[in-house]
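Chemist: This is the structure I want to talk about, given as structure tokens.
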Amino acid sequence: RLILRKFNENDLKTFYDIFSDKEVNLYLPWFPVKNLKEAKDFYQERYASIYQKEQRYAYAICLKENNLPIDYVNIDLDDSHDLSYGLKKNIAQGIVSEAVEAVIQQAKKDNLCYLTATHDIKNIHSGNVMKKVGMHYCYSYKEQWMPKNRPVIFRMYQINLDGKKRIYQKYWNQYEHFIEENI
């Protein structure tokens with residue numbers, strides 16, 4: 001059903017639609033873009049610069065029927081290997097999970113050892129995607145979240161792609177943390 005591909009400058013209108021949506025961006029670490037210029041700047045900063053690197057995981061999620069971006073899925077290549085994705089309400093259920101599963105398989109083929117993902121505890125849908133794709137809850141932590149400058153409790157999930165047991169400790173060590181039951 002899907003194509004995962006790079007965003008490009010021809011996608012600017014749909015890129016704007018995704019990254020200007022206040023509801024989609026409510027739980028993300030940036031403010032919604034306000035116009036096409038901001039969308040282009042955001043594209044240059046967050047995508048075009050990444051595409052210059054040899055290994056990258058920054059994909060537009062497109063339906064095969066029209067190859068237009070409807071969402072995104074990314075993996076940061078810092079030590080967190082943070083998996084992130086966009087969830088628009090008007091998109092059929094399962095689309096983002098399908099895309100995330102494909103990216104996880106690619107990361108495994110590329111020998112990434114693990115992936116992490118976090119979600120605001122108020123963003124239940126994002127947590128459901130993490131569970132559906134095989135990620136496991138590790139711990140929760142409280143952070144004064146920037147740039148929105150508000151307190152957030154995040155749940156941290158992880159999947160180990162190499163079979164080794166490990167839990168990414170950066171957020172555990174950096175923030176007030178705790179384990180929730182029955183997640």
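The values are calculated or read from the model by the stated rules, or taken from the named source; none is laboratory data. What you are looking at is a predicted structure, and each value in this text was computed from that prediction instead of being measured. Please note: Cβ atoms are built from the backbone with ideal geometry, for glycine as well, and neighbour counts cover all protein chains shown. Side chains included, ligands, DNA and RNA excluded: accessible areas come from the protein's heavy atoms. Shrake-Rupley method; radii C 1.70, N 1.55, O 1.52, S 1.80 Å.
Chemist: What is the residue count in segment 1-25 for residues that are touching a residue at least 40 places away in the same chain (Cβ under 8 Å) and open to solvent by 40 Å² or more (accessible area, probe 1.4 Å)?
Modeler: 7
Chemist: Here's something else I'd like to know. Regarding ALA48, is this residue more than 14 Å from the chain's Cα centre (by Cα) and either surrounded by 15 or more Cβ atoms within 10 Å (Cβ to Cβ) or closer than 17 Å to LYS132 by Cα (or both)?
Modeler: yes
Chemist: Could you check, for segment 28-37, whether at least one of its residues is open to solvent by less than 30 Å² (accessible area, probe 1.4 Å), farther than 20 Å from MET130 by Cβ and either in a strand (DSSP E or B) or touching a strand residue (DSSP E or B) at 6+ places or on another chain (Cβ under 9 Å) (or both)?
Modeler: No: segment 28-37 contains no residue that is open to solvent by less than 30 Å² (accessible area, probe 1.4 Å), farther than 20 Å from MET130 by Cβ and either in a strand (DSSP E or B) or touching a strand residue (DSSP E or B) at 6+ places or on another chain (Cβ under 9 Å) (or both).
Chemist: Anything in segment 136-183 that is small (Gly, Ala, Ser) and open to solvent by less than 40 Å² (accessible area, probe 1.4 Å)? List them, or say none.
Modeler: SER140
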